[in-house]
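Each remark here refers to the structure printed beneath this line.
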Amino acid sequence: MNPFDYKRVTTLKDAISAVKPAASVFLAGGTNLIDLMKRGVTAPETLVDINNLPYNKIEKTATGIRIGAMVHNSDASEHPLVTENFPLLSLALKSGASPQLRNMATTGGNMNQRTRCGYFYDTTMPCNKRSPGSGCSAIGGYTRMHAIFGTSEQCIAVHPSDMCVGLAALDATVTISNGKSEKKILFTDYHRLPGTDPSKDNILQKGELITAVDIPFNKLAKNAYYLKIRDRASYAFALVSVAAALDIQNGLIQSARLAMGGVAHKPWRLFEAENMLQGKRPTNDNFLSAANLAMTGAKSFGANQFKLKLAPNAILEALHLAAGKSAS
Amino acid sequence: MKEKNPGTEENKGSSRRTFFKQSSAIAALALTPVSIVKASEKGLDEKIASAFEKMPLRVEINSKAYSLEVEPRVTLLDLLREQLHLTGTKKGCDHGQCGACTVHVDGRRVNSCLTLAVTTEGKKVITIEGLAKGEELHPVQQAFIQFDGFQCGYCTPGQIMSAVCCIREGHANDPDQVREFMSGNICRCGAYSNIVDAVMHAKKGGQQI
Amino acid sequence: MGQFFEDPLDRVDGRLKVTGAARYFAEYDLPDMTFAVMATSAITRGKILTIDTKSAERAPGVLDVLTYLNMPSIPGWQSDPSKPAPQAALGGERYRVLGSDQILFNGQPIALVVADSLERAQYAASLIKATYQKASFETDLEKNKDKGQTVRGPRGADYNRGDANAYKTAAVQLEQEYTIPIETHNPMELHGIIASWKGNDSITVYAKTQGVKSTQQSLMNAFKLDQKNVQVFSEFVGGGFGMALRTWPQEILVAAAAKKIGRPVKLVMSRDQMFTMVGYRPFSIQQIKLGSTKEGQLTGLVHEALSQTSSYEDFAEGTVNMSKFMYACDNVATKYRIVPLDIGVPIWMRGPGEATGAFALETAMDEMAYKLNMDPIALRLKNYTETDPERNRPYSSKYVKEAYQLGAEKIGWFKRNPAPRSMKDGEWLVGYGMSSGVFNASRGEANCRAVVKDDGTLLLQSAASDIGPGTGTAMVQIAHEVLGYPVDKISFELGNSTFPPAPSQGGSTTTSTVGSAVHIACSSLKNKIVNLLLEKGGSDYAGKTAADFTFSDGNVRAGNVSVSIASLLKQQNLPALEVTENSKAGPDQQKYSMYSFSIHFAEVRVHPKTGVVRVKRVVTVADSGKIISPKTAASQMIGGVTGGIGMALMEESVIDHRYGRFINNNFADYHVPVSADIPHIDTIFIDKPDPVINPMGAKGMGEIALIGFAAAVGNAVYHATGKRIRELPITPDKLIE
């Protein structure tokens, strides 16, 4: 690693002012940042350690729960407010990384996790995300882990987080502060598609900090499942993951939530499939229609072609598991 | 440079580093041909350089208080292994992908390879060297021997540190749960099934873990 | 010696390993230690045009930067006019680390930075900038199938028995191709070395090696040093699986750097460098052609293997060996070819070529069984052979029929419905598969020093190595059996080149080879003690003969008289009795074919919609002679199974052939099994001594634990799904329906 300055801050104001210089970045859990620094993908001159900021609580609010940005993934996954009200999020969190990494990683940090695209990590190869304008090595290369939705000619990387898939499905909102004022945006609007500027993963601006994520109460806790398909049973990134939650009353789906991981540059919310399921019975046929609808616009790049088949199968499977019965 | 709390360690640290960056001594050092640097008084320039690169760090490791000076870029793993010679904690990947470096920081299992040493200021670190009570092995260490939960032994300290927390966290209720919650520790010799037996045995043994 | 290897002894180095006290090479702290980091090439083939080391040299703490421009000459690398020039590699190149501007593979070292701290060395190495002239290159075996070359020497010879074309006229025929990608050893411990010189002619290294004597020899050769001036220590090795069977060029580079700067230098490679510089299991494409009668008698077997090597060094292994002798078949032909590619040289990886070959042969046997509508075990029994058809001589011991039986019973083989895709558990498809593994059992030459002391202890020393299987534990067991000392009074020391010579730990030979030396040394000590008593023991021993003496618990007894060996030594004013013995195979062993066998069973669940495979249960049976150390032997078997599950389901080092670079060169993307992938594993040992191989009757087991296992998984996946996957690894994408 390059030599760098290290500053510990305890207040939002100090944090924001410390991160102002161009080459300053926040250090939260460090599970991704330190990795990237070791690989030479990024070389900040100042790390602003925000681990002592007071955003480390999970609280009940009038309309839902609020998870502080500094809450560790492991703590969030076990917290009663989460496990009781949002088991989907708990499952998503627990399927990510390893117990050690979940002990380090934070809510805010996980949202800003960079892609695992091998070409992004290898500084000898072109990558528009790491080095804008240099080209995308993944296109035409090893694409097994890559996106099938929302890609551009500049980038086909996927967002690696499981937590974010859960939060995207749960209509969460993100609170962002610039030290003076706060803004709230929908979680599904936080991450962006690569378009012509893949270097930006999300809409967070320099000098801004995520302080919390809010999740509104819902009736989806009873029928929820997070299905993660990967190359080994644990401690691996998703080939495809599906967050599925259903509010089933009197044999009818009142509302549904569906989001996917491992398929796009952002957690991929399946609004159309959700709408299609609303008011329908939780049957295999309806689930299958939803899964097929969800695949509209999917496009593969060589080795990730299998995802065109795996993704709808996984949606179908996750819906059945959420509905509480097996597909066969 | 903002000096809101003069005298606190973090500010002292950063201001020293700022001085280092601006100091003419170091600028000159960077521009001097290497032969001349080498010819200068042995190690002097580098001693100056390291003095300004470093930050104070007070940390308790295995119940012993340390007052150290470390560069911010030094990971807890490298601090333990290369500077404190606590080599029980292992480096297997250096990127948080294998768990060999697992230690406890304030009672939580973490990957020390992705933990900057300076972030452990004021914290309590336990490594494999601090697990046994003198000659008396920790029940998990004992169980690993009994069930032969290792072969080459290189991942073993990380496995054991992880297993202790796995039990304390309440994630060792059945073998499948142990498998899942011990999956952050890779064992290439393939001792997993014995490790699961060892963890279940230690958990059921009823001793204080 | 009462019971015969019955005590399940805990690993003798267990306490050191669970307390973190076991010291691996990088954990020795020498005064004035320095840290080395390699910068590596970003291109695959070509030459360095410019290399800018200025910023690295000026970075704080940097002591030296070596490149091809200032690399000290290595005396042993200069050609010796008195010796014939070595044969050029099939690829026609020669590789010397930092030896020239030529780049022969991606990730090749282009510079070595030495600094006074690890962080400073790492940072300085990142400052090195090179420009290159790129040349075209080939890294893809599948695109170079037509460039196979015959390996020189006996390993590469084509084999023919009977009519190679016989399979073509058989009643039932099978022709299939099997592909295994590059796999990387990836032991948990990173590779490297510490080198420290005393003067210009004496070096000490702390190495990660499977053979301290072999590392010693490499250093003697490279620097033209006397044996007494080269010391190699390697007490604990954090896994090897074959990759530490040679001294890699960068180790010599570190030794050269240490000599140049006059301080100890430590190199610990990074995980990504473990993919490019320390070998791998080569990519392979194999064809199996089988012919059989309708009753299942094999009438023809052809096994052709194509594998890869580097442009600068040839590498060959026993990929087609098993097909020559495992089954009774009159017509067998094998071919083995290698293609030189622009990539680092491979090296044996656990089970080595035999594991590669067994996947093909044992999958083909399963396919043939289904074609014949026969039970896969019945087909194997139909072609069972009690004598080695390749060499026309008896096996020293073979209990494979018993192994089939024991394994089948344990897993419930005959209770399964043998029809493919006939068994279910919820929506998961259930499948059972079996396979066989076999590996040469041998006994090499080794030496052991044994010392009984008047404090009641027994010390054994041999320059063996241990990468994890539990060598010390087995040796202590053997000494305990022979000399009757309590195990806690016996210590076995290894990993030190000054000890009596022993071979490297590889090819499943240590227990047989070094164990025999321990056995002989302890027997020799026994004779010494008996003679001492007969000569100087007085009237109690009058008229006794050697046969009258028994040894147990540190005592020697003749008739009603028992004396502790420690007190005997004291009585005789001897602080110690010492022997050093040599051991090697005798002429008897030449009359037999000696092999270890394994029979594997796997039960899998396959989720048809998502392609996920879970291994649910495993039974593995080893016919490897007498088991010396039951606990560590069982661990080796479960370790081999775990490696086999990795090979079957997830391991694959991927090269982007446009760049010639590994794209998944880390533990997050190169998947090895984690705990959640591994079920309970039942290990069964035939545990019958081999009457020929060595005094213990023990054959090796490190390789057979893995050899064939991937086929058992693949066969089980076929049984579950009706889909035959012939390209490893069997990842979800290959099974999704």
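Quick one: work out Rg over Rh on the C-alpha atoms of the range C:444-584, Rh as Kirkwood radius. My calculation puts Rg/Rh at 1.01.
Just to confirm a number: summing +1 for Lys and Arg and -1 for Asp and Glu over residues other than A:L293 whose beta-carbon lies under 10 angstrom from that of A:L293, what do you get? Taking every other residue near A:L293 into account, the sum is -2. Which residues in the range C:144-164 place their backbone N less than 15 Å from a point set 7 Å from the Cα of C:Q87 along the Cα-to-Cβ direction? Backbone N within reach: C:149-158.
Selection among C:L190, C:A130, C:A157 by position relative to the dipole of the range C:122-209 gives C:A130 as farthest towards the positive end (Cβ unit charges, Cα centre). Per Stokes-Einstein, at 20 °C and 1.002 mPa s, what whole-number D in µm² s⁻¹ belongs to the range A:5-51, with the Kirkwood radius over Cα pairs as the hydrodynamic radius? Using the Kirkwood radius from Cα pairs, D works out to 200 µm²/s. Projecting the Cα atoms of C:A171, C:A355, B:G170 onto the charge dipole of the protein assembly as shown, computed from C-beta unit charges around the Cα centre, puts B:G170 farthest toward the positive end.
Kindly put A:C164, B:C98 in sequence by how many other C-beta atoms sit within 10 Å of each C-beta, fewest to most. Display every interim value, and only then the final one.
Numbers: A:C164 29, B:C98 32.
Ascending number of Cβ neighbours within 10 Å: A:C164, B:C98.
Dipole check for chain C: with +1 at the C-beta of Lys and Arg, -1 at the C-beta of Asp and Glu, and the Cα centre as origin, the magnitude is about 600 Debye.
Full extension of the segment from C:D425 to C:N582, taken as 0.36 nm per residue of separation minus the current Cα-Cα distance, would add 50.8 nm. To the nearest 0.05, how large is the calculated FRET efficiency for C:K228 and B:K124 if R₀ is 60 Å and r is the Cβ-Cβ distance? Efficiency at R0 = 60 Å is approximately 0.75. Inter-part distance, the range A:21-38 to the range C:94-122, computed on C-alpha centroids, equals 28 Å. Here the residues A:S17, B:S67, B:S183, C:S624, ranked from fewest to most Cβ neighbours within 10 Å of their Cβ, fall in the order B:S67, A:S17, B:S183, C:S624. Straight Cα distances below 20 angstrom link A:K228 to the lysines A:K94, A:K266, A:K307, A:K309, A:K325, C:K609, C:K616, C:K734, with same-chain residues fewer than 8 positions distant left out.
The residues neighbouring C:T457, those whose beta-carbon lies less than 11 Å from its own, together hold a net charge of -1 under the Lys/Arg +1, Asp/Glu -1 convention.
Projecting the Cα atoms of B:N62, A:L209, A:V48 onto the charge dipole of the protein assembly as shown (Cβ charges, centred on the Cα centre) puts A:L209 farthest toward the positive pole. Can you tell me what share of the DSSP beta bridges in the protein assembly as shown is antiparallel? A percent to the nearest 5 is fine. The antiparallel fraction comes to roughly 80 percent.
Given C:K147/C:K168; A:K38/A:K200; A:K200/C:K134, which pairs have Cα atoms separated by over 28 Å?
A:K200/C:K134
Within chain C, DSSP assigns beta bridges of which about 80% are antiparallel (rounded to the nearest 5). With R₀ fixed at 30 Å, the C-beta to C-beta distance from C:T50 to A:N2 puts the FRET efficiency at about 0.85. Let me spell out the model: positive unit charges on the Cβ of Lys and Arg, negative unit charges on the Cβ of Asp and Glu, origin at the Cα centre of the protein assembly as shown. What dipole size does that give, in debye rounded to 20? It comes to approximately 1740 debye. Taking trypsin sites (Lys or Arg not before Pro) across the range A:245-328, the ones in a DSSP loop with at most 14 further Cβ atoms lying within 10 angstrom of their Cβ are A:K299, A:K325. Pairs of Cα atoms nearer than 8 Å and 6+ residues apart set the relative contact order; for the range C:518-596 it is 29 percent. What are the lysines whose alpha-carbon lies under 19 Å from the alpha-carbon of C:K398, with same-chain residues fewer than 8 places away excluded? Leaving aside lysines fewer than 8 places away in the same chain, those within reach of C:K398 are C:K324, C:K382, C:K591, C:K626, C:K688, C:K699.
Counting other Cβ atoms within 10 Å as a rough exposure proxy, the listed residues C:E27, C:E175 run C:E175, C:E27 from fewest neighbours to most. Under 17 Å of direct C-alpha separation, and excluding same-chain neighbours fewer than eight residues apart, C:K198 reaches these lysines: C:K224, C:K228, C:K259, C:K260, C:K266. Taken about its Cα centre, the range A:39-156 carries a charge dipole of roughly 180 debye when the Cβ of each Lys and Arg holds +1 and the Cβ of each Asp and Glu holds -1.
Taking a label point 7 Å from the Cα of C:Q590 along the Cα→Cβ vector, which residues of the range C:405-446 have an amide N closer than 16 Å to it? Hits in the range C:405-446 for C:Q590 at 16 Å: C:443-445.
Only the coordinates and a few stated rules stand behind these numbers; no lab work does. These numbers come from a predicted model, not from an experiment. Neighbour counts are summed over all protein chains in view; Cβ atoms, including those assigned to glycine, are modelled from backbone coordinates with ideal geometry.
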